[in-house]
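Report on the structure given below.
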Amino acid sequence: MIIKLEPINENNRDAVLALSVREDQPFVAPNDYSLSEADEANAKAPGTARPFAICAGEKIVGFCMLALDPEDENPVDRYCLWRFMIDKNEQGKGYGQAALHEIIRYFKENGVDTVYLSTAPANARGLHVYHKAGFKETGEIEDGEAIFVLKL
Ligand SMILES: CC(C)(COP(=O)(O)OP(=O)(O)OC[C@H]1O[C@@H](n2cnc3c(N)ncnc32)[C@H](O)[C@@H]1OP(=O)(O)O)[C@@H](O)C(=O)NCCC(=O)NCCS
């Protein structure tokens, strides 16, 4: 399956804003909120927030945002998968797992050796996908979310 991460630009922004998850998946912020957070972070420290459209061929199926901020005092926030979603109509087709591979590849290509993420313990699908990609719980809980780490 060919999945590509395309940096957010004027051609894909509206499509990304139109994506959403199911009502019973309150595990991720809406994409408009994430994109404004990205703008805010990048205004302070350019390049620290990297938002991407997740593309399956020509179709935009999801959104992710990576943090790469070597200056961040909290090691968990330094290199992390900050946001990750596949649109409710595109879930369960393997896109999430394929995108996660690309995300991990992106971190590796940028010289990162440890990636963090966090998710709610109730997010059964998320937990499955993260475990399958090799992420492990650190045992820490932050804001009700379990922290996961992957050594690259
Ligand atoms: C989590 C998410 C990104 C995964 O993307 P996806 O495209 O749906 O995932 P895939 O189709 O690639 O894989 C789904 C896997 O989960 C499994 N799965 C589905 N529902 C499950 C459940 N309730 N419990 C455990 N595993 C489940 C599937 O069997 C499949 O695994 P398999 O290939 O080993 O059989 C997507 O579902 C999503 O956006 N969820 C809502 C937002 C979210 O939780 N984001 C992450 C926040 S940290």
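Apply the a/c threshold of 1.5 to the C-alpha gyration tensor of segment 44-123 and tell me whether it is rounded, prolate or oblate. Here segment 44-123 falls in the prolate category. Rounded, prolate or oblate: which one fits segment 1-45, using the alpha carbon gyration tensor with axes a ≥ b ≥ c (rounded when a/c is under 1.5, else prolate when a/b beats b/c, else oblate)? Note, shape of segment 1-45 comes out oblate.
What's the longest piece of the chain with no exposed GluC sites (Glu not before Pro), counting a site as exposed if DSSP puts it in a loop and it has at most 14 other beta carbons within 10 Å?
The reported range is 74-152.
Count charges around N89 for me, please; just the other residues with Cβ under 12 Å from its Cβ, Lys/Arg as +1, Asp/Glu as -1. Around N89, the charge tally is +2.
Note on K88 and K44: the model spin-label points, each 7 Å out from Cα along the C-beta direction, lie 3.2 nm apart.
The alpha-carbon atoms of the chain, seen along their principal axes, cover 36, 35, 28 angstrom, with the largest extent given first. Under a Gaussian network description of the chain, with springs only between Cα atoms under 10 Å, the residue in G126, G57, G96 that fluctuates furthest is G57. For segment 86-152, just say rounded, prolate or oblate: build the C-alpha gyration tensor, square-root its eigenvalues into a ≥ b ≥ c, call rounded for a/c under 1.5, and beyond that prolate if a/b exceeds b/c, oblate if not. Since a/c reaches 1.5 but b/c is at least a/b, the shape of segment 86-152 is classed as oblate.
Every number in this text was worked out from the coordinates using simple rules, so none of it is lab data. Everything quoted here is computed from the prediction, not taken from an experiment. We place every Cβ from the backbone using ideal geometry, glycine too, and count neighbours over all the protein chains shown.
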